[in-house]
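Here is the structure we will look at.
Nothing in this text is a laboratory measurement; each read-out follows from the coordinates by a stated rule. Predicted model, so just to flag it, every value in this text is computed and none were measured. Every residue, glycine among them, receives a Cβ derived from its backbone with ideal geometry; neighbour counts consider all protein chains shown.
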There are 2 protein chains.
Amino acid sequence: MGIFEMGSSRIGIFDSGAGGLTVAGAILAHRFFDEIVYFGDTARVPYGTKDAATITRYALEALEFFKNFDIDLLVTACNSVSAHAIEELRAQADFPVYGVIEPGIWALQKRRLPRDSKILVLGTRATVQSGRYQSGIRALGYERIDAIAPSLFVPLVEEGIFEGEVLQSVLHHYFAKLETPDAIILGCTHFPLIAEAIGGYFGHKPLLIHSGEAIAERLESLGYAPHRAERTELRIFASENPAALKRTAKRWLGMVN
Amino acid sequence: MGIFEMGSSRIGIFDSGAGGLTVAGAILAHRFFDEIVYFGDTARVPYGTKDAATITRYALEALEFFKNFDIDLLVTACNSVSAHAIEELRAQADFPVYGVIEPGIWALQKRRLPRDSKILVLGTRATVQSGRYQSGIRALGYERIDAIAPSLFVPLVEEGIFEGEVLQSVLHHYFAKLETPDAIILGCTHFPLIAEAIGGYFGHKPLLIHSGEAIAERLESLGYAPHRAERTELRIFASENPAALKRTAKRWLGMVN
């Protein structure tokens, strides 16, 4: 059963900046919706280095933006928002609000890795400090969990560095002392853009959990039908310089209205 | 002649975040004032990746903060603010407002390097794109000017990386193709914290121009007397998490009230 048997469907995606475009890309690819309304808070990016109260305040301001559109549901692509503000958003929205953390944990669960598997959580400082991924993964029965905040990953991606010597030395900086993981949670929307290098650092190619794919799986499980729309239109809004965000969308996703 | 023959003196220092503490440190060391009121807009840091209109809006909001204090003058330690918002700040303030760009250019001028010297300007994207340093240096008669925005320097410093393999690979990433400079403008408040590595990359140790020292020279030239105060009290305010900013001040400057 599709939730939307008729009429046009619209999803809101909120992120601190451009990173959430990786989530938009996954949702675009599945054509669940006729339209994506994307809002990036580029004037105040990044969120992941800020504290819970600030992140919540910004998220509630973004909610006011989305109230101007007739959206069917809102996805907060930003892990830092999902970690700290999801309950507040749900309390104040009159449409369903999904974060990316719970879907990420659910995607891991579905892979049915052995219970002694080693799980590595990568996120911003705000996400890791919230402990949301860690407690969710522990609840699945996994006990071997590392969680680190490799703060240089976001600026590296923003700088367009997806491979090469600088990236390798940064990976070494954060990963050298870790035990080799069996699965890695890419707990920040920027990280899928360097997923190949992250996975490649560990020779055996661990399972990578990507927020965009996780939320797509979750939407499907909720009854949103893939390929329902002939095409999905992506409308991009930003708190500063929307033209720059549209250029990034073109570069990362190859399309934008 | 000292400008303040009597009464207590107070300077305001504004920065996007913690970086301006390097400027506060230079002003502290000279004991020009009885008190420094420092405001870091930590809830919206960084500014250097944002656009001129956003930076100006944020700077004017900070000005409202400083109007609550009886300050003798305001220094915008942030180069990005100095590059884009200094005229607006001056138009709306009823105290003198100094940026760090003009003092930096003046400090370079005082060194009287030969006219064929090669000058390298390092700054945020916002600062470099403004062209303020470049035009000021050109007006001194220098024509061999490189200006680049090494965007990873700020996150490296924020991450506490002041030396080692990661820093060296990042320096190489930005500097490998440059001609060896005779002088380097450290056009961002974070850069003095890795000044040794920046200078050291170029074997012959170029002259380094540091915003904090430049503004201290400028203040002295304006009649502010060094060692006027017995001690300078540093009061720290932030738009989020002032406790974290105070801890950074303690770490970088070794003191705070």
| query | Peptide B:167-179: average number of partner chain Cβ atoms within 10 Å per residue? | reply | 3
| request: Would you look at the GNM of chain A, springs on alpha carbons closer than 10 Å, and say which of A:H190, A:H30, A:H227 moves the most? | output: A:H227
| query | Under a point spin-label approximation (7 Å from Cα along Cα-to-Cβ), what is the B:K205-B:Q168 distance to one decimal in nm? | reply | 2.0 nm
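Give me the inter-chain shielding for B:51-63: mean count of other chain Cβ atoms within 10 Å, whole number please.
Values: counts 6, 2, 3, 6, 2, 0, 2, 2, 0, 0, 0, 0, 0.
The per-residue average across the peptide is 2.
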| Contour excess over end-to-end distance, with Cα ends at A:R144 and A:R112 and 0.36 nm allotted per residue | 10.0 nm
| request: Specify the residue with the greatest mean-square fluctuation among A:F33, A:F175, A:F191, computed from a Gaussian network of chain A linking alpha-carbon atoms under 10 Å apart. | output: A:F175
| task | Over the residues of chain B, compute the C-alpha Rg and express it relative to 2.2 N^0.38 Å. | result | 0.96
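Taking the Cα centre of the protein assembly as shown as origin, work out the dipole magnitude from +1 charges on Lys and Arg Cβ and -1 charges on Asp and Glu Cβ, in debye rounded to 20. Walk me through the intermediate numbers first.
On the way: 52 positive and 60 negative charges, 131 e Å.
With only Lys, Arg, Asp and Glu charged at Cβ, the dipole is about 620 debye.
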| query | Ranked highest first by average number of other Cβ atoms within 10 Å, how do B:50-61, A:135-146 line up? | reply | B:50-61, A:135-146
| field | Furthest towards positive pole of dipole, B:L113, B:P96, B:F69, structure part the stretch B:66-125, Cβ charges | value | B:L113
| Entries of A:K177/B:K177; A:K50/A:K246; A:K110/A:K205; A:K50/A:K110; A:K50/B:K118 with Cα pairs more than 28 Å apart | A:K177/B:K177; A:K50/A:K110; A:K50/B:K118
| said: Using only the Cα atoms of the stretch B:114-168, what are the Rg and Dmax in Å? | reply: 13.9, 38
| said: Once the label point is set 7 Å along the Cα-to-beta-carbon vector, what list of distances in nm do you get between B:D116 and its counterparts in the other copies? | reply: 7.2
| said: Under the convention of a label 7 Å out along Cα→Cβ, give the distances in nm from B:E143 to the same position in every other copy, shortest first. | reply: 7.4
| What are the nm distances, shortest first, from A:H204 to its equivalents in the other copies, labels at 7 Å along Cα→Cβ? | 5.4
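Run the dipole for the stretch B:101-211 about the Cα centre, Lys and Arg Cβ at +1, Asp and Glu Cβ at -1, nothing else charged, and hand back the magnitude in debye, nearest 20.
That gives the stretch B:101-211 a dipole magnitude of about 540 debye.
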| request: Take chain A, connect every pair of alpha-carbon atoms lying under 10 Å apart with a spring to form a Gaussian network, then pick out the residue of A:A149, A:A24, A:A176 with the largest mean-square fluctuation. | output: A:A176
| What distance in nm separates the simple spin-label points at A:R251 and A:A91, each placed 7 Å from Cα in the Cβ direction? | 3.9 nm
| query | At 4 °C and 1.567 mPa s, what whole-number value in µm²/s does Stokes-Einstein give for the translational diffusion of the stretch A:50-126, with Rh from the Kirkwood sum over Cα pairs? | reply | 94 µm²/s
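Per 0.36 nm of contour for each residue apart, how much would the distance between B:E179 and B:E220 grow if the chain were fully extended, relative to their Cα-Cα spacing?
On the way: separation 41, 0.36 × 41 = 14.76 nm, distance 3.40 nm.
Extending this stretch completely gives an extra 11.4 nm.
Expressed as a fraction of 2.2 N^0.38 Å, the rule-of-thumb size for a compact globular protein of N residues, what is the C-alpha radius of gyration of the protein assembly as shown? Walk me through the intermediate numbers first.
Values: Rg = 24.6 Å, N = 514, 2.2 N^0.38 = 23.6 Å.
Working it through for the protein assembly as shown, the quotient is 1.04.
Rounded to a whole number of µm²/s, how large is the Stokes-Einstein D of the stretch A:74-205 at 20 °C and 1.002 mPa s, given Rh as the Kirkwood radius over C-alpha pairs?
Roughly 138 µm²/s, to the nearest whole number.
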| task | Let me have the 222 nm mean residue ellipticity of chain B computed from DSSP H runs of 4+ only, each contributing -39500 (n - 2.57), with the sum over all residues rounded to the nearest 500. | result | -12000 deg cm²/dmol
| remark: Here the net charge surrounding B:R115, from other residues whose Cβ is less than 14 Å away from its Cβ (Lys, Arg +1; Asp, Glu -1), is +2
| field | Cβ-derived FRET efficiency at R0 51 Å, B:S8 paired with A:F65, nearest 0.05 | value | 0.65
